[in-house]
Amino acid sequence: VVFRVSALEDYPLNCSNLHSISVVVKAMRKVYYKKRKADFNREANSIEDLIAALKWPANGIADLYDACVRELPWLDRVVKEKSMGSKPVYDNFMELLCASAYSSSVQGRVHAIDGLTCQSLGTMLTNDAVMSSSFKTSRSFGLQPVTVSPLFRHLLNIYVTHFRPKQFGLAPSDSLFVSLKNKTIRVGAMVIRFFRRTLGLHITTTRVRAI
């Protein structure tokens, strides 16, 4: 049996069982189409194309960082007026907090941040990084660092001091980043919402990592 990728590429399969052949062919097709899609995306999505499609900041990571910094006066007013209890204000702050994690630091997979618990809080407030095992490839790579920049740490302090509802507590096993319903938030969704609201761009955490 031969699996044909193209007119010039044949791959002999050393299988006699039809089920085994089917499994191998499906796996090879999956790899092939994934590679073809990646090649197509590389050709179609130049930086100029992405900027035009509002999926890439014109000045790179600096635009994303500046968008976070521009929100700080608003945040100062909220804290001063103690108006952080409403859902719109809380959600806007969580978007800013999550966006700052990616725009001011080099980060890995977003689930490493999603999965942080309050046990990591002390380390994050005093060190430049904390280790996380809550991400897709943790079985292969073990731990992933979550970098804590000065901006991210500043907002984290404000989060714990002023925004995180006191009744939720800070038990070591509790999720660190939560909604007003005490549900673990999706950091990736917060990042997308922040840059859509502030810059009119569709920026994902994967895109930030590419930038």
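The values are calculated or read from the model by the stated rules, or taken from the named source; none is laboratory data. Remember, it's a predicted structure, so these values are computed and weren't measured experimentally. When we count neighbours, we look across all protein chains shown, and the Cβ atoms used for this are built from the backbone with ideal geometry, even at glycine. Areas reflect the complete protein model, heavy atoms only, side chains present, ligands, DNA and RNA absent. Shrake-Rupley method; radii C 1.70, N 1.55, O 1.52, S 1.80 Å.
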Query raised in the report: Using the Karplus equation 6.51 cos²θ - 1.76 cosθ + 1.60 (θ = phi - 60°), what ³J(HN,Hα) coupling, rounded to whole Hz, does each residue of segment 186-194 give in order, writing x for Gly and Pro?
Result: 9, 4, x, 5, 5, 5, 4, 5, 5
Query raised in the report: So, in nm, how far is label Asp76 from label Ile47 when the simple model puts each one 7 Å beyond its Cα toward the Cβ?
Result: 3.3
Query - Kirkwood Rh and Cα Rg combined as Rg/Rh, segment 84-167 - result: 0.98
**Report entry** Amide H contacts of Ala129 (H built 1.01 Å from N, under 5 Å, at least 5 apart or other chain)
**Finding:** Val148
**Report entry** Computed accessible area, Cys98, all protein chains, 1.4 angstrom probe, square angstrom
**Finding:** 10
Query raised in the report: How large is log10 I(q)/I(0) at q = 0.12, 0.13, 0.16, 0.18 Å⁻¹ when the Debye formula is applied to the Cα atoms of segment 63-211, each weighted equally and without solvent?
Result: -0.46, -0.54, -0.84, -1.09
